[in-house]
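Shown next, in structure tokens, is the structure this report addresses.
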Amino acid sequence: MSVEQRAYAEYLSGLPDPAAIFKMEMSPLNGMAILEMSPTVAFSVIDRQLGGPGDQMAETRALTEIEQRVLEGFLKIVNDALRAAWKPILDIDFQNVGSETDPKLLQIVPPNEIVLSIVFHIQVVDVRGSLSLCIPALNLEPIMQKLNESAYSRRNPDVPPEQTRAILDYV
């Protein structure tokens, strides 16, 4: 897992084209977030959900609308894990509100806006790839104090392990 702060345009330029990108609401926070799944992982998940072995595809292409719908079942599992990971800070309800395959068409904030990019390295069967969550810093302002307190609690040995390990346990 890696966490970076960067401009939204930089985040978008680092995404593959085509990609499996989902716009997410983060209720009760305002604004949108992006969940991006590397194409190799996306096609492996789709293959597994449809009864296949989950092998890697030979060539990368854009997801069809049907394939995007199949991935929504997997996204519910990911959203539940994200909700559980964020719960010590705020009960965030991640909801998929749209999908896209071309990163250039995805505008949730202006290009120079600062975003938090969280990249998870995942494996499905023998296929490795990444899953990234992009959250505009502006969306996190209402909970910035809680995030700072959480960062402090990780350095404080008196905090129960279940609080400080929530993100690692569920994501």
Quiz item: Taking the stated definitions as given, is Ala42 buried (at least 19 other Cβ atoms within 10 Å of the Cβ), at pLDDT 90 or above and under 12 Å from the mean Cα position of the chain (by Cα)?
Solution: no
Exercise. Tell me, yes or no, whether region 20-39 has at least one residue that is part of a helix (DSSP H, G or I) and under 17 Å from the mean Cα position of the chain (by Cα).
Key: yes
Self-check item: Per-region count, region 101-127, residues of a type in the set (D, E, K, R), over 24 Å from Leu147 (Cβ atoms) and either open to solvent by less than 40 Å² (accessible area, probe 1.4 Å) or in contact with a Phe, Trp or Tyr (Cβ under 8 Å, 6 or more places away or on another chain) (or both)
Solution: 1
Quiz prompt | Cβ-Cβ under 7 Å pairs, at least 6 apart or on other chains, region 114-137 side aromatic (Phe, Trp, Tyr), far side open to solvent by 40 Å² or more (accessible area, probe 1.4 Å) | solution = Phe120/Met1; Phe120/Val171
Practice problem: Taking Ala33 as the residue in question, decide whether it is in contact with a Cys (Cβ under 8 Å, 6 or more places away or on another chain), open to solvent by less than 50 Å² (accessible area, probe 1.4 Å) and more than 20 Å from Asp126 (Cβ to Cβ). | Solution: yes
Quiz prompt | Yes/no for Ala19 being open to solvent by less than 80 Å² (accessible area, probe 1.4 Å) and touching a residue at least 60 places away in the same chain (Cβ under 8 Å) | solution = yes
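The values are calculated or read from the model by the stated rules, or taken from the named source; none is laboratory data. Remember, it's a predicted structure, so these values are computed and weren't measured experimentally. Note that each Cβ is placed from the backbone with ideal geometry, even for glycine, and that neighbours are counted across all protein chains shown. These accessible areas exclude ligands, DNA and RNA; they are computed on the full protein's heavy atoms, side chains included. Shrake-Rupley method; radii C 1.70, N 1.55, O 1.52, S 1.80 Å.
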